[in-house]
Amino acid sequence: MTERLDGTVALITGASSGIGEATAVALAGHGARLAVAARRRDRLEALAERIGGDQVLVLETDVTDEAQARAMVEATVARFGRLDTLVNNAGVMLLGPIVDAPVEEWRRMVELNLLGLLYCTHAALPHLLAAADTDPRRVADIVNVSSVAGRFAREGSGVYNATKFGVGAFSESLRQEVTRRHLRVTLVEPGAVATELTSHLRPEVLEGMAAMFGSTEILLAEDIAESIAFTVTRPRRMAVNEVLVRPTEQER
């Protein structure tokens, strides 16, 4: 049975497009008030207007900056009085060979995919634990958006794999630490999804991706958003710890 999220507050990073944007719409549909964060304020403001501005807080934030990540969380709690759900969705995928790779791409992935997620989680934990101990639901959620790349290493994806494997390890360790306090930790691992994620790839890498998935019917951002909404609307007794969602035609 799906439970409503009325009276709760969700904070979503990377909400200016793709999975983050679709998740904001989905959670609002279940009754949650929202804080949406990303670097592109214009996109966030358009999203807030689409959902209903009085229930949405727009936070222009670079989560790779620890101070900004902490301020984002504090602004959410200051506006709404609580935080029940954190969706760590912000991320970047910069694929390519390890040999002769641009090291700045590695740094960008580590800073956003891993450190940004850690900063947001650390700042949010006290508020999530407090929400899990109070009405209306007496349970709280962290959803970490990883990737199928967090399960299977692939040539040309080494450092992206490393960041997503790290997200998986962190999520499971945290889950064991807080689960008896009714803070649920869910790892969501999408396969190929039609988002802006591939727009940052170098042309030669993008060509390889097109060859790999050109004939595959890939997922929509809404498919992943529905999966996230499913996990956070479960009853208090039930935790969905891991969700692997791939296109039907995707082999690995």
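Please treat every number below as a calculation from the coordinates, not as lab data. In this text the structure is predicted, and so the values were computed from the model without any measurement. Every residue, glycine among them, receives a Cβ derived from its backbone with ideal geometry; neighbour counts consider all protein chains shown.
Assuming charge only on the beta carbon of Lys and Arg (+1) and of Asp and Glu (-1), the dipole of region 9-243 about its Cα centre is about 920 debye to the nearest 20. For region 64-166, the set of trypsin sites (Lys or Arg not before Pro) satisfying both a DSSP loop assignment and a count of at most 12 other C-beta atoms within 10 Å is given as 138.
What is the sum of charges, Lys and Arg at +1 and Asp and Glu at -1, for the other residues whose Cβ falls under 9 Å from the Cβ of residue 123? Taking every other residue near residue 123 into account, the sum is -1.
Axis angle, to the nearest 10 degrees, between helix 117-132 and the longest C-alpha principal axis of the chain: 30 degrees.
Stretched out straight at 0.36 nm per residue, the stretch from residue 173 to residue 99 would grow longer than its current Cα-Cα span by 23.5 nm. Note: relative contact order over the chain, using C-alpha pairs below 8 Å and six or more positions apart, is 21 percent. Only one residue of 158, 69, 142 has its Cα farthest out toward the positive end of the dipole of region 9-243, where Lys and Arg carry +1 and Asp and Glu -1 on Cβ, and that residue is 142.
Translational diffusion coefficient of region 73-175 (Stokes-Einstein, Kirkwood radius from Cα pairs, 10 °C, 1.306 mPa s): 107 µm²/s.
In region 9-243, if the dipole is taken from +1 on Lys/Arg beta carbons and -1 on Asp/Glu beta carbons about the Cα centre, which of 35, 169, 85 is farthest to the positive end? Ranked along the dipole, the leading option is 85. The GNM of the chain, with springs linking C-alpha atoms under 10 angstrom apart, assigns the highest mean-square fluctuation among 139, 178, 58 to 178.
Between residue 108 and residue 249, full extension at 0.36 nm per residue minus the direct alpha carbon distance yields a gain of 47.7 nm.
With Cβ to Cβ distances under 9 Å as the rule, what net charge do the other residues near residue 242 carry (K, R +1; D, E -1)? Summing Lys/Arg as +1 and Asp/Glu as -1 gives -2. The gain in end-to-end length when the residue 49 to residue 2 segment is fully stretched comes to 14.3 nm, 0.36 nm per residue minus the alpha carbon separation.
Distance between the C-alpha centres of region 75-131 and region 151-176: 14 Å, rounded to the whole angstrom. Of the residues 98, 224, 218, 12, the one with the fewest other Cβ atoms within 10 Å heads the list, and the complete ranking is 98, 218, 224, 12. Out of every Cα pair in region 67-120, what percent are spaced more than 14 Å from each other? For region 67-120, the fraction of Cα-Cα distances above 14 Å is 62 percent. Taken over the Cα atoms of region 9-243, the convex hull encloses 115 Å³ per residue. Longest stretch of the chain clear of exposed loop sites (GluC sites (Glu not before Pro), DSSP loop, at most 10 other Cβ atoms within 10 Å, sites excluded): 1-154.
Computed from backbone phi, the HN-Hα couplings of region 231-242 come to 5, 8, 9, 6, x, 3, 6, 10, 10, 9, 7, 8 Hz, rounded to whole numbers (Karplus: 6.51 cos²θ - 1.76 cosθ + 1.60, θ = phi - 60°; Gly and Pro given as x). Spin-label model, residue 42 to residue 70: label points 7 Å out along the Cα-to-beta-carbon direction sit 3.3 nm apart.
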